[in-house]
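Enquirer: Dumping the structure here so I can ask a few things about it.
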Amino acid sequence: MSILFRYLGGIIAVLFVFVPHEFAHAFVAYKCGDPTAKMQGRLTLNPVKHVDPAGFVLCILTGFGWAKPVPIYPYNFRHYRKGLFLTAIAGVVTNYIIAFIAYPIFLLLALYAVPAVTVGVQAVEFFEEVFYLIFAYSLSVFVFNLLPLYPLDGFRVVESLTREVNPVRRFLRNYGRYILLILVLESFLCDILSSYTSLPYVKYFDILGYVHWFAQNILGFPITAMWNAIFGLPIGLSPL
């Protein structure tokens, strides 16, 4: 498959990961009593309303990224802490459901569609790649967004469980975006160095690389193990 088609597949996958994620935030916030996102046009599956260009490109290149944060006013929630917590986790729960659905579709295409077709093999292989990327990106975004750094969902979880005067919470809010930027840049640099140099130990310093490994091998294990068993594959084996 050409590089162009791989990036096109990445673009499609990122949209399937980010758009439902942000829609879920807006939907749950609205159901919990806060209409802010709806009034600002975010209660929609329109990608234009949700995609952040920088986070979109980074997700395609590195597997980690972000969309435009959904605006909320938590004091509108009928139950402040409950509403804040449910809204915070709505996106990542949606991503896990998407990963759960995408993986068996990938298996169907990889095991049955690709070997069976004689015409349009490249098209089938393209969609096989897309569904695997949706699975992989969904898991990575799940873990990445639960890092307790502002403005990620993990910080909103911290907000829902702590008081405003909590010093750790204040630190994560004031410096979270800078820590996040450093982590993304460090991961990107490690990836470049490991790809274009002969330095074998660089990958061990890739902090977000460990996040990605956890997402794929720990968080994704229940999904792959269950569906592999249903399809008669060894647990932990991916046909890609």
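Enquirer: Taking θ as phi - 60°, what are the ³J(HN,Hα) couplings along region 36-44 by the Karplus curve (6.51, -1.76, 1.60), each to the nearest whole Hz, with x for Gly and Pro?
Expert: 4, 4, 5, 5, 9, x, 9, 8, 8
Enquirer: Out of the total accessible area of region 48-197 (probe 1.4 Å, heavy atoms of protein only), what percent is carbon and sulfur? Kindly include the intermediate steps, with their values, before the conclusion.
Expert: Numbers: 5230 of 7770 Å².
Carbon plus sulfur share of accessible area: 67 percent.
Enquirer: Let me ask something else. Spin-label point model (7 Å from Cα, Cβ direction): what's the I179 to T44 distance in nm?
Expert: If labels sit at I179 and T44, their model points lie 3.5 nm apart.
Enquirer: Another question about this same structure. Remind me, relative contact order of region 30-99 in percent, using alpha carbon pairs under 8 angstrom and six or more residues apart? If you can, show how the numbers build up before the last one.
Expert: Working: 54 pairs, mean separation 21.3, N = 70.
After rounding, I find 30 percent.
Enquirer: For region 176-220, which chymotrypsin sites (Phe, Trp or Tyr not before Pro) pass both filters: DSSP loop (anything but H, G, I, E, B) and at most 12 other C-beta atoms within 10 Å?
Expert: Sparse-neighbourhood loop chymotrypsin sites (Phe, Trp or Tyr not before Pro): Y201.
Enquirer: Only helices at least 18 Å long along their axis, Cα-based, and averaging 0.5 or more on Kyte-Doolittle count here, so list those DSSP H runs from the chain.
Expert: Passing helices, by number: 3-31, 80-108, 121-145, 167-196.
Enquirer: Grab the Cα-Cα distance for F214 and Y196, subtract it from 0.36 nm times how many residues apart they are, and report the gain in nm with one decimal.
Expert: 4.0 nm
Enquirer: Show me the trypsin sites (Lys or Arg not before Pro) within region 103-180 that DSSP assigns to loop and that have at most 10 other Cβ atoms within 10 Å of their Cβ.
Expert: The qualifying sites are R163.
Enquirer: Using Cα pairs under 8 angstrom and six or more residues apart, how large is the relative contact order of the chain, in percent?
Expert: 19
Enquirer: Here's a follow-up. Along the positive direction of the dipole of region 1-127 (beta-carbon charges: Lys, Arg +1; Asp, Glu -1; about the Cα centre), which of P35, P71, F106 reaches farthest?
Expert: P35
Enquirer: With the crude spin-label approximation of a point 7 Å out along Cα→Cβ, what separation in nm comes out for E186 versus I97?
Expert: 3.5
Enquirer: How much area per residue is accessible in the chain when the probe is 1.4 Å and only protein heavy atoms are counted (Å²)?
Expert: Here the residues of the chain average 54 Å² of exposed surface.
Enquirer: Out of [x] 17.6; [y] 14.9; [z] 14.1, which label holds the value of mean projected area of the Cα convex hull in nm² that was computed here?
Expert: Evaluating mean projected area of the Cα convex hull in nm² on these atoms matches [y].
Enquirer: Now, a different point. Add -39500 (n - 2.57) for each DSSP H run of 4 or more in the chain, then divide by its residues: what number comes out at 222 nm, to the nearest 500 deg cm²/dmol?
Expert: Values: 10 runs with 158 residues, N = 240.
Calculated at 222 nm, the ellipticity per residue is -22000 deg cm²/dmol.
Enquirer: Looking at the square roots a ≥ b ≥ c of the eigenvalues of the Cα gyration tensor of region 1-82, which shape do they give, rounded for a/c under 1.5, prolate if a/b is larger than b/c, or oblate?
Expert: Here region 1-82 falls in the prolate category.
Enquirer: Report the extension gain between Y75 and I235 in nm, rounded to one decimal, defined as 0.36 nm multiplied by the number of residues separating them, less their alpha carbon distance. Intermediate results must be reported in sequence, preceding the final value.
Expert: Values: separation 160, 0.36 × 160 = 57.60 nm, distance 4.61 nm.
Gain on stretching Y75 to I235: 53.0 nm.
The values are calculated or read from the model by the stated rules, or taken from the named source; none is laboratory data. Given the structure is predicted, the values throughout are model-derived calculations rather than measurements. Quick reminder, even Gly has a Cβ in these numbers, built from the backbone with ideal geometry, and neighbours come from all protein chains shown. These area figures cover heavy atoms from the full protein model, side chains too; ligands, DNA and RNA do not enter into them. Shrake-Rupley method; radii C 1.70, N 1.55, O 1.52, S 1.80 Å.
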